[in-house]
Amino acid sequence: PRLANQIAAGEVVERPSSVVKELVENAIDAGSTRVEVELENGGTRLIRVRDDGSGIGENDLPLALSRHATSKIISLEELEGVASLGFRGEALASISSVSRLELVSNLDEDPRSGWRVVAEGRRMEPRVTPAPHPRGTSVTVRDLFFNTPARRKFLRTEKTEFGHVEEAFRRQALSRFDIGWVLRHNHKTLHQLPPGVDPISRERRLRALLGKGFLENALHLDLEVGGLRLWGWVGLPTHSRAQADQQYFFVNGRVVRDRLVAHAIRQAYRDVLFHGRHPVFVLYLEVDPRVVDVNVHPTKHEVRFRDGRMVHDFLFSSLHRALAEARP
Ligand code: ADP
Ligand code: MG
């Protein structure tokens, strides 16, 4: 089974940023209110994600590392309305098959309790040993791809890999304002984002993650029609230094890159006059989870809407209206 994990790892684990994404999703799923991401050497030497979530019990620790062991799906009906981010039970098994992984967790309020399990490449140490830890979980991934030289060769410079991690972190931090976040690289704290869902806290986080220029030229919107809600910020055309990569779209809190969504946004911009301007946005679409399908691809950046036409039209008309009103 460890070999199967290594093969599956190819799908899920491409570089340090994919590890960060999976570990952070698990921390979110565990109901954490605070998530710390720590890296050394762009994540190639060390990635550690620490949370204050539900924790994992002694008996479940080894299970968490085995393939298709997920605590997140109980029944088929539940698959219909998947609300949690991970539900395939593959990430930890895959990551541990291509790294040296340590999992320490405690589901007790007592910080003197806690358990630890380690896996190294295709070998998992069978013993779970006591290891004190505050309530929550720490996953440490060392020496990514140490046993798969072919994959290791595809890693880029420390700066490039860290850039990808920071982008993954940015997306996650923008997806959950109610969670406090920390990002550290080579023992330096780069982001420390307190939780807060009020407008001031949200905008403070946007400024910290996207720079001052974004908000200065952005329009805030919040529209709801027939069970669909769209809220967030769109950059206005005066924003000439718009960065092409500042495009964030979330569906029910999940980061999504979707052609239908991109098309609706592009059309709205083009229609209102902003030729040649690159749309920049941080937008949140909230829909009934039963009208989206999340199980399209293992990395889960794609969604499938049951009624794509309706979603497209809602996005287009909402943005069109907001942009047209703001036109100078
Ligand atoms: P999935 O997230 O798809 O269930 P993973 O391999 O990512 O699969 O995780 C396996 C299981 O380990 C999860 O279902 C969960 O029970 C447990 N787990 C992993 N990370 C955490 C965490 N940070 N806090 C609590 N439980 C966790
Ligand atoms: Mg997961």
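The values are calculated or read from the model by the stated rules, or taken from the named source; none is laboratory data. Keep in mind it's a predicted model, so treat the numbers as computed, not measured. No Cβ is skipped: glycine too gets one built from the backbone with ideal geometry, and neighbour counts run over all protein chains shown.
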- Any residue at all in the range 172-180 that is in a loop (DSSP other than H, G, I, E, B) and over 21 Å from the mean Cα position of the chain (by Cα)? no
- Given (1) modelled with pLDDT of 95 or more; (2) surrounded by fewer than 17 Cβ atoms within 10 Å (Cβ to Cβ), number of the condition Phe162 does not satisfy: (2)
- Task: Could you please give the count of residues in the range 97-124 that are loosely packed, with under 14 Cβ neighbours inside 10 Å and touching a helix residue (DSSP H, G or I) at 6+ places or on another chain (Cβ under 9 Å)?
- Result: 1
- If you go through the range 21-48, how many residues are near ligand 1 (Cβ under 9 Å from one of its atoms) and surrounded by fewer than 19 Cβ atoms within 10 Å (Cβ to Cβ)? 1
- Test Leu183 against the stated conditions and say whether it is in contact with a strand residue (DSSP E or B) (Cβ under 8 Å, 6 or more places away or on another chain), among the hydrophobic types (A, V, I, L, M, F, W, C), closer than 16 Å to Asp245 by Cα and surrounded by 14 or more Cβ atoms within 10 Å (Cβ to Cβ). no
- Item | Single unsatisfied condition, Gly227 versus (1) of a type in the set (Gly, Ala, Ser); (2) surrounded by 13 or more Cβ atoms within 10 Å (Cβ to Cβ); (3) over 18 Å from Phe281 (Cβ atoms) | (2)
